[in-house]
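Novice: Could you have a look at this structure, given as structure tokens, before my questions?
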Amino acid sequence: MCGIVGYIGKKPAAPIILEGLSKLEYRGYDSAGMAVFDGEKIQIKKSVGRLKVLEELTHDGATMPGVIGIGHTRWATHGAPSDVNSHPHYNEKETIAVVHNGIIENYLPLKEKMISKGYKFTSDTDTEVLAHLIDYYYKGNPLEAITKVMHRVQGSYALGIMFAEHPDQIFAVRKDSPLIVGQNEDGCFIASDVPAILKYTRKVYFIQNQEVVRLRADHMHFYTVDEEEITKEPVNIEWDADAAEKGGYEHFMLKEMYEQPKTVTDTLMPRIKDGDIVIEELGMSDDEIKAIRKVHIVACGSAYHVGVTAKYVIEGIARIPVEVDVASEFRYRNPILEEGAMVIVISQSGETADTLAALRESQQLGYKVLGIVNVVGSSIAREADNVMYTWAGPEIAVATTKAYSAQLVAIYLLAMKFAKVKGTISDSDFTAMLKDLKRLPDQIEMLLSNKERIQRFANRYIGAKDVFFIGRGIDYAISMEGSLKLKEISYIHSEAYAAGELKHGTISLIEKDTLVAAVATQDNLFQKTLSNMVEVKARGAFVLAVTNAGNTDIEKAADYVIYIPRTNPYFANSLAIIPLQLFGYYVAVGKGCDVDKPRNLAKSVTVE
Ligand code: M6R
């Protein structure tokens, strides 16, 4: 988490850094700070609170003159959000400034050692130890000091570093936290992510683990941790710069929900050719697909919910057993990957620390990993053996919507491909499913156009204390995501339950007017879920139902019904989730919550 930006060039650095940080606030937003070399010394301004506090403090950067600087927006790990814990951090002489994204795991022994050598610490952060360590090793050669520190510290870090004695250069360093650098005719840039510098350059260099970059106003040099110079090729970023702007929408989340028909189309259509599914990036021959004995899916949060859906879809269509794990559990449970196992990791950011660790764990066990990833060039995209991109473009709101929808259709494509190759689906069923797949974007569009009705309903639940989401099979997976969408942005406690499991304990929480959202899109389970709805209604619940058009029987058991268009049951998630996303969004808006930047969260979770 945390976002870092750096600039060295001909232009005033502070406004460029503030602008860049504003594009990275999704990574953390509990405090922000900047260091700028003013011609004599490194000046630091930092403050707890959103970036706008720093903007006010520095008069939009005007009070921090200088053409060299680094900045940071923070998601606190070590030390509460406070002025003193905000980055940048100095050494004692205030001649070295550091911004950091990641965690220094051995900071405590290092801190004790530095204290024993007479260093004084002013913050509770792990980062401050870096400033003092660099100072300790610095004997006039910044690169030497930085690489010595890299050999001493354990953990993850993307760093921006500047030295008052070398005001013609800044340094960027990376291990396990994302970092890019870029250049244009006015200077060179450091950033945690592409949107921060897209306005200035499309030519970026992805920094690999244990690499250091020395940036000057007009050129950059790349080094290994052993100070050997290396060469790198830039990558041209094709993204539309407007994609990372709100474009007239009140929130990024709303804009991104509205982009779902396009992201689903962009993920699906290039892989549907002449009535067949062609996934070149899969890197598997038909014989290799036929040899798959088991699929392991590993992910976190909403991407994990896609994995839960994938279990039903892949097992149902392709008849391959699927095991789904939360990445933070998978990595420490000594997983058994049997002969013929295939591992799939799913991640929007491609930087989620636990998912990345699960990928590495699987590779160490000798298995190839397919990454379903949104961010091009991210760590998971680089390290996975094969990458299937979800073409959702930059997703800024912390609550995922369009990337989730793109991940779902990537899974449908995979399941159908496997089924076709393994012969577990008839040609006519395959063709009918393809037809249904292609209709999804229009159907999503139609559901989005019905937003006012959901908004009116959501306004009634602004004061809710607890909301339960129930469903069976794929509807349970949909419930999990609906519940997460609501809770993460509205702060209303919410849980998802397999509908049949309620009566094993949780039903005791149902009382008069408790909202229960029941998802019932699977025809074979419809009557069963209906019974569970009747059970909660009998205990006073107010039942909101999401079901397929035509299932009017549900009105006997539900107080409010949202109908979704009919599609193949395996694809129902893509439609049923739309009203649930809108519901979560409008409840949060109604409560006055900061929808795009919910408290305590960050968009990419690069710490365990
Ligand atoms: O970038 P990733 O897809 O790996 O992120 C996984 C989760 O952190 C993410 O889905 C999270 O749960 C979102 N806040 C959900 O809206």
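Novice: What are the residue pairs meeting all of these: first residue in the range 190-217, first residue assigned by TED's automatic domain parsing to the domain that holds Ile8 and over 11 Å from Val5 (Cβ atoms), second residue surrounded by fewer than 19 Cβ atoms within 10 Å (Cβ to Cβ) and of a type in the set (Gly, Ala, Ser), Cβ atoms under 7 Å, and 6 or more apart or on different chains?
Specialist: Between residues of the range 190-217 that are assigned by TED's automatic domain parsing to the domain that holds Ile8 and over 11 Å from Val5 (Cβ atoms) and residues that are surrounded by fewer than 19 Cβ atoms within 10 Å (Cβ to Cβ) and of a type in the set (Gly, Ala, Ser), the close pairs are Leu198/Ala241; Lys199/Ala241; Phe206/Gly377.
Novice: Being basic (Lys, Arg) and within 16 Å of the ligand (Cβ to nearest atom) is the filter here; which residues of the range 474-530 pass it?
Specialist: If the condition is that a residue be basic (Lys, Arg) and within 16 Å of the ligand (Cβ to nearest atom), then Lys485, Lys487 are the ones that fit.
Novice: Kindly provide the set of residues from the range 488-522 that are free of Cβ contacts under 8 Å to residues at least 12 places away in the same chain and either among the basic types (Lys, Arg) or not in a helix (DSSP H, G or I) (or both), ordered by number.
Specialist: Correct list: Gly505 only.
Novice: Here is a further query. Select from the range 433-472 the residues that are crowded, with 22+ Cβ neighbours inside 10 Å and among the small types (Gly, Ala, Ser) and list them in ascending order.
Specialist: Within the range 433-472, Ala458, Gly471 meet the criteria.
Novice: Kindly check whether there is at least one residue in the range 537-547 that is in contact (Cβ under 8 Å) with a residue 24 or more places away in the chain, in a helix (DSSP H, G or I) and more than 23 Å from His305 (Cβ to Cβ).
Specialist: No, the range 537-547 contains no residue that is in contact (Cβ under 8 Å) with a residue 24 or more places away in the chain, in a helix (DSSP H, G or I) and more than 23 Å from His305 (Cβ to Cβ).
Novice: Which members of the range 124-155 meet the condition of being within 17 Å of Pro88 (Cα to Cα) and of a type in the set (S, T, N, Q)?
Specialist: Within the range 124-155, Thr125, Thr127 meet the criteria.
Novice: Here's a follow-up. What's the number of the condition Leu408 fails, among (1) touching a strand residue (DSSP E or B) at 6+ places or on another chain (Cβ under 9 Å); (2) within 16 Å of the ligand (Cβ to nearest atom); (3) at pLDDT 95 or above?
Specialist: It fails just one condition, (1).
Novice: Taking the residues in the range 91-120 that are closer than 28 Å to Leu18 by Cβ and surrounded by fewer than 19 Cβ atoms within 10 Å (Cβ to Cβ) as candidates, determine which candidate is farthest from the chain's Cα centre (by Cα).
Specialist: Lys93
Novice: If you take the residues in the range 30-48 that are in contact with a helix residue (DSSP H, G or I) (Cβ under 9 Å, 6 or more places away or on another chain) and over 12 Å from His87 (Cα atoms), which one is surrounded by the fewest Cβ atoms within 10 Å (Cβ to Cβ)?
Specialist: Taking the candidates together, the pick is Phe37.
Novice: Check the range 2-13 and report whether any residue there is in contact (Cβ under 8 Å) with a residue 40 or more places away in the chain, more than 19 Å from Val173 (Cβ to Cβ) and in contact with a helix residue (DSSP H, G or I) (Cβ under 6 Å, 6 or more places away or on another chain).
Specialist: For the range 2-13, residues in contact (Cβ under 8 Å) with a residue 40 or more places away in the chain, more than 19 Å from Val173 (Cβ to Cβ) and in contact with a helix residue (DSSP H, G or I) (Cβ under 6 Å, 6 or more places away or on another chain): absent.
Novice: In this structure, does Met269 turn out to be aliphatic (A, V, I, L, M), surrounded by fewer than 20 Cβ atoms within 10 Å (Cβ to Cβ) and part of a helix (DSSP H, G or I)?
Specialist: yes
Novice: So, one more: Considering the range 107-139 alone, what residues qualify as being farther than 24 Å from Val5 by Cβ and in contact with a Lys or Arg (Cβ under 8 Å, 6 or more places away or on another chain)?
Specialist: Hits for the range 107-139 are Leu110, Phe121, Tyr136, Tyr137.
Novice: Turning to a different aspect of this structure: Might you let me know whether the range 365-373 holds any residue that is part of a helix (DSSP H, G or I) and assigned by TED's automatic domain parsing to the domain that holds Lys402?
Specialist: no
Residue by residue, here is whether (1) assigned to a helix (DSSP H, G or I); (2) within 16 Å of the ligand (Cβ to nearest atom); (3) over 27 Å from Ala299 (Cα atoms); (4) in contact (Cβ under 8 Å) with a residue 60 or more places away in the chain holds:
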site: Asp429; (1), (2), (3), (4): yes, no, yes, no
site: Met433; (1), (2), (3), (4): yes, no, no, yes
site: Pro441; (1), (2), (3), (4): yes, no, no, yes
site: Glu445; (1), (2), (3), (4): yes, no, yes, yes
site: Ala458; (1), (2), (3), (4): yes, no, yes, yes
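Novice: When only residues in the range 285-308 that are of a type in the set (Lys, Arg) and without any contact (Cβ under 8 Å) to a residue 60 or more places away in the chain count, which is nearest to the ligand (Cβ to nearest atom)?
Specialist: Only one residue fits best here, namely Lys294.
Novice: Within the range 71-90, count every residue that is within 19 Å of Ser156 (Cα to Cα), more than 23 Å from the chain's Cα centre (by Cα) and not polar (S, T, N, Q).
Specialist: Of the residues in the range 71-90, 3 are within 19 Å of Ser156 (Cα to Cα), more than 23 Å from the chain's Cα centre (by Cα) and not polar (S, T, N, Q).
Novice: When the residues of the range 309-343 are filtered to those that are part of a strand (DSSP E or B), within 21 Å of the chain's Cα centre (by Cα) and away from the ligand (no atom under 13 Å from the Cβ), which remaining residue is surrounded by the most Cβ atoms within 10 Å (Cβ to Cβ)?
Specialist: For the range 309-343, the residue satisfying everything is Val343.
The values are calculated or read from the model by the stated rules, or taken from the named source; none is laboratory data. Computed from a prediction, not measured in an experiment: that's the story for all the values here. Glycine also receives a Cβ, built like all others from the backbone with ideal geometry; neighbour counts cover every protein chain displayed.
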